[in-house]
Amino acid sequence: MTLNRREFLLKAAALSGAGALFMMPPDLRALASTGAAGTTGRAGGMARPVILPDARKVDSRLGIDSCIWNWRSDADPNGARPANYYEASLSEWPSFASLPGDLTCDVVVVGGGLLGASTALHLAEAGVDVVLVEKDNLGSAASGRNGGQMTPGLARWKASAVAESLPPDEAKRLWRFVSVEAMELVDQIAARYDLDCDRKRGHVTAAILSAHMGALVADADARRALGDGNVSIVGPNELQEYVRSDNYRGGAIDAIGGQIHPLALLRGLAFGLVELGGRVYEGTEVMSVKEAVDTTVVTTPFGRIKARRAVVLAVHASTFRFVPGHSTTLPFFTYVGVTPPLPTDLRDLMPADLPVYDTQLQIDYYRAVRNNRLLFGGEGTGSSWSVKEVNRYLRKRINAVFPQLANPELEYAWGGVCDMTLHGAADCRRSGGKVPVYMVHGWSGHGVAQTVRIGKAISDDVTGRNDDFGMLTHIDHAELPLGRHLAPVAIPLMKSALGVMSVLKPGSLISF
Ligand SMILES: Cc1cc2nc3c(=O)[nH]c(=O)nc-3n(C[C@H](O)[C@H](O)[C@H](O)COP(=O)(O)OP(=O)(O)OC[C@H]3O[C@@H](n4cnc5c(N)ncnc54)[C@H](O)[C@@H]3O)c2cc1C
């Protein structure tokens, strides 16, 4: 499908129901009609991201936090930093320049992960003059480093918790939002912008104890009560049609979740944003956000940006920097590795090609990616593990699940930072000022699809289309005083406590 810029804008506007061209500020309308390059912080047009047949051995062009790392088995330890699997398996991608100086716009989105990019894209589709600023590069943090598994729920908040916490109609509405709507939105965006993200539908939760089957049935039943009949329960023999490991006693098959190449999705969102004239600035760290009478002002080392309508903090585990008072989240580190192409055909081990989570306290999750490689993730730690520890841990876990693979090496491994709330639901807030500040954090290790959906909800809130974001702000969160500072101690303590609980209540699904 090839569209010129004007056709593209009209199509996006029609599909988003926004009448985008007519609501656009005059400078963007002029861009749309002339087909001139957008004010993207760099010259020239922008190509869609392309997923390569296999990952290459390349150095990373992404800046990353000093507390996380990428490793590749044959990379020169004294050389440049290797790319992680996702970056290495995508076509070349340009960087965006830093903020050139002071400017004014309708909305500033801070943070170039899935949440920030989705919010900015939806605002641009609605004709809002939006600027996206990122301190490193788009996809430098969790959105370019996660497991790529798409599961329903508000982060870790499952159907039963939603049903217990809210009146029935609100629970149904919230569940639909974080399940069907979240998954469908990802698919709609991919279709709208003709993106290839290796999106596949279907997801397996495999029970490591027979006692966990009751909890899987209860969760499927809670989903059904909320109007979602997309999950079915299978016994140990039927599970073999999905995953051939002796570790499991049965499982749940979810028809709407699945998997995706998360960095391809993120770059696809950015592609759409730039096509619509949204401005993106990388290497631009936001130092402060201040609400004044008629504007909210974002300060960076290169200048100030005045927002006329809203500021969106999509900075995930860094949100604590901008939130006064006690935090509601604890940061933690978590890890992913990818094997080289394997001699055993992974379709023999995962015949349905669906990604798998298990039900352990410290879950294993895995899926096949291009060229018969296995992507495997797990663990959550209070302090960052070394490459050696991660290699040892992930290889041990792969061997425990699939001894048939004869203990494969890892070719890529990396760490990432997440933050968690006490009950596992993402914490969504909006300040009460005239030019409000929105923020979402506490993803609790989940959120690939939900970041995209919540980004749309923020955009809809700014443009007054609906109150979906308001629904999310009503969820209560416990404060975790000093959570950030205590994480290296609190995370292991919490895991020990959860471990004791899982022994005392073997039928409960308790996972970190
Ligand atoms: C290793 C790992 C595995 C995971 N696996 C899964 C999975 O399989 N399935 C799933 O659903 N979820 C998974 N997650 C969670 C998921 O990745 C996150 O929920 C999601 O990516 C959060 O997106 P985000 O845009 O809010 O945050 P991020 O992707 O972290 O983006 C935040 C951005 O803000 C930028 N930023 C921070 N501070 C500033 C500042 N002051 N100024 C400007 N920019 C700033 C950062 O550089 C970053 O790019 C995983 C996470 C990790 C780390």
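Read-outs: derived from the displayed coordinates by stated rules, not from any lab. Every value quoted in this text rests on a predicted model; they were computed, and no experiment measured them. Please note: Cβ atoms are built from the backbone with ideal geometry, for glycine as well, and neighbour counts cover all protein chains shown.
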Neighbour net charge for N237 - beta-carbon separation under 14 angstrom, K R +1, D E -1: -1
Average projection area in nm² (convex hull over Cα atoms of segment 248-289, one quarter of hull surface): 6.6
Peptide ranges 381-394, 416-429 listed from the most packed, as the mean C-beta count within 10 angstrom indicates: 416-429, 381-394
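Seen from all sides and averaged, what is the projected area of the convex hull of the Cα atoms in segment 185-312, in nm²?
Its average projected convex-hull area is 12.7 nm².
Just how many % of Cα pairs in segment 98-140 lie over 14 Å apart, if you round to the nearest whole percent? Could the numbers behind the result be given before it?
Values: 413 of 903 pairs.
More than 14 Å apart: 46 percent of the Cα pairs in segment 98-140.
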Within the chain, percent of DSSP bridges classed antiparallel, to nearest 5: 75
Most to least packed among 241-248, 351-358 [average Cβ atoms within 10 Å]: 351-358, 241-248
Quarter of the Cα convex hull surface for segment 436-512, i.e. its orientation-mean projected area (nm²): 7.2
Selection from Y393, V297, I260 lying farthest towards where the dipole of the chain points positive, charges on Cβ: V297
Computed log₁₀ I(q)/I(0) - Debye formula, equal Cα scatterers, no solvent, the chain, q 0.09 Å⁻¹: -0.60
Straight-distance crosslink candidates among aspartates and glutamates, where the alpha carbon sits under 16 Å from K290 and sequence neighbours closer than 8 are dropped: D102, D106
Overall Cα dimensions of segment 311-375 - principal axes, largest extent first, Å: 53, 28, 19
Gain upon complete extension [D246, Q188; 0.36 nm per residue less C-alpha separation]: 17.1 nm
Residue exposure sequence - E238, E285 - by fewest surrounding Cβ within 10 Å: E238, E285
Footprinting exposure proxy for F333, F322 (fewest neighbouring C-beta atoms within 10 Å first): F322, F333
Computed Kirkwood radius, in angstrom, where 1/r is averaged over Cα pairs of segment 268-397: 19.1
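Determine, for each peptide in 77-90, 189-202, the mean count of other beta carbons within 10 angstrom over its residues, then list the peptides with the highest first.
77-90, 189-202
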Least to most buried among L132, L154 (fewest other Cβ within 10 Å first): L154, L132
